[in-house]
């Protein structure tokens, strides 16, 4: 489907029947390497998205990968307002497209380690992208009763942004209108809060955050993502909780 805002599902119309079997994917080998970050941009109003949502559910069980779901809001006009969507997720997807220079924004889209993107329901393309992902550094995260601490190692980049994602591990939604009417869809590692918490100049650093602002209610896990600029390739990834 196309619309005037350039958001598109043109790449997924022929993939509804693609296999959801996930071939084993090994993350790039390195003692200091972080898991590969896979960001799924999805929508409850997108008929092509449930296959990608199921694939995300398979990927969460795989070692060496962190997959998150970021629901976008630009398909709401089709008849169902996405209950998990955030304009911040739409902006992040658009920022990625602008940073890459291709302006390619669609659902379901998986962005791998902040740069490469593939159709999120195409298991073969997803597996290849994960296998080919460049190494990122592992970030250390810990928490006390009141604080969250993130350790940033020294790196080669001279400018980066530290994002923290507050994540609900699993959310099931019954869709009552729109293209997926009657379906109950389960979303995995759902980003419920996306926060720009610090800038980074390549030096080692320790970042402390108030726990109560990030771990609340169903948001029981955190992912820290250090990226070049604001929407560039992933430099480092860390996690806290059941991810």
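Since every read-out is calculated from the coordinates, none of them should be taken as a lab result. Predicted model, so just to flag it, every value in this text is computed and none were measured. We place every Cβ from the backbone using ideal geometry, glycine too, and count neighbours over all the protein chains shown.
Helical runs (DSSP H, four residues minimum) scored at -39500 (n - 2.57) apiece and divided by the length of the chain put the mean residue ellipticity at 222 nm at -4000 deg cm²/dmol. In segment 87-172, Rg over Rh equals 1.00, where Rg is the alpha-carbon radius of gyration and Rh the Kirkwood radius from pairwise Cα distances.
What is segment 33-109 by shape, rounded, prolate or oblate, if you read a ≥ b ≥ c off the alpha carbon gyration tensor as root eigenvalues and call it rounded for a/c under 1.5, prolate for a/b larger than b/c, and oblate otherwise?
oblate
Helix 50-59 and the long axis of the chain differ in direction by around 30°, with both axes built from C-alpha atoms. Between residue 151 and residue 135, the modelled labels are 1.8 nm apart [label points 7 Å from Cα along Cα→Cβ]. From the square roots a ≥ b ≥ c of the eigenvalues of the alpha-carbon gyration tensor of segment 126-187, which class results: rounded (a/c under 1.5), prolate (a/b over b/c), or oblate? Judged from the Cα gyration tensor, segment 126-187 comes out oblate (a/c at least 1.5, b/c at or above a/b). Using the Cα coordinates of segment 33-240, the gyration tensor eigenvalues translate into equivalent-ellipsoid semi-axes of 27, 19, 15 Å, sorted from longest to shortest. For a paramagnetic label modelled on residue 176 (point 7 Å from Cα along Cα→Cβ), amide N atoms under 18 Å away belong, within segment 58-93, to 76-85. Hey, what angle do you get for helix 87-100 against the long axis of the chain, alpha-carbon based, 0 to 90 degrees rounded to 10? Approximately 80 degrees, to the nearest ten. The modelled label-to-label distance between residue 159 and residue 54, using points 7 Å beyond Cα along the C-beta direction, is 4.4 nm. FRET efficiency for the residue 83 to residue 208 pair, using the beta carbon distance and R₀ = 41 Å, is estimated at 0.80. In terms of packing, defined here as the mean over residues of other Cβ atoms within 10 angstrom, the peptides 183-190, 150-157 line up highest first as 183-190, 150-157.
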